[in-house]
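> The structure under discussion is supplied below as structure tokens; questions concerning it will follow.
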Amino acid sequence: MRLRSELEILATLDATTIEAVCTDPSLVDRLIVACLDEAADSDTAAEQAETCAEAGVDDDDIDDDITVRDRGEWDHAAEVACFHRQKAAAWRATARVLALSQRSRDTPSSRPAPIRNGRGVA
């Protein structure tokens, strides 16, 4: 249940995908790869937006001669870049949650063994 809650909070996966991965753990590895691909795509989109922002206004142009329209376009490109960086971070966080859930299923329980009496019976 905790996995479902964490994935819902991250809001990167739709309800159908969350249900599928919670009921079929064999999907986790493929989903991790897909999440990392999404993160890489978002990083690329952020870099492109940052390039547009930098191309629109260089350091020599930042003075009173910049029109409101130019500054607005630069602000928009910077906002788009920030959005894509946040999106990439969310996809990486989703991959991390999935990987941790996979690891916890693959490792023996960390719960202490039951206390046994002198004859080895719980």
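> Restricting the search to region 7-40, which residues are in a helix (DSSP H, G or I), touching a residue at least 24 places away in the same chain (Cβ under 8 Å) and open to solvent by 60 Å² or more (accessible area, probe 1.4 Å)?
Of everything in region 7-40, those that are in a helix (DSSP H, G or I), touching a residue at least 24 places away in the same chain (Cβ under 8 Å) and open to solvent by 60 Å² or more (accessible area, probe 1.4 Å) turn out to be 29, 36, 38.
> Of 54, 79, which residue is open to solvent by 100 Å² or more (accessible area, probe 1.4 Å), closer than 28 Å to residue 8 by Cα and modelled with pLDDT of 60 or more?
Details: 54 fails: closer than 28 Å to residue 8 by Cα.
Checking each option against the conditions leaves just 79.
> Same structure, new question: Within region 62-76, restricting attention to residues that are surrounded by 12 or more Cβ atoms within 10 Å (Cβ to Cβ), among the charged types (D, E, K, R) and modelled with pLDDT under 75, which residue is farthest from the chain's Cα centre (by Cα)?
Applying the filter and picking the extreme gives 70.
The values are calculated or read from the model by the stated rules, or taken from the named source; none is laboratory data. Bear in mind that the values here come from a model prediction, so they are computed numbers and not experimental data. Neighbour counts are summed over all protein chains in view; Cβ atoms, including those assigned to glycine, are modelled from backbone coordinates with ideal geometry. These area figures cover heavy atoms from the full protein model, side chains too; ligands, DNA and RNA do not enter into them. Shrake-Rupley method; radii C 1.70, N 1.55, O 1.52, S 1.80 Å.
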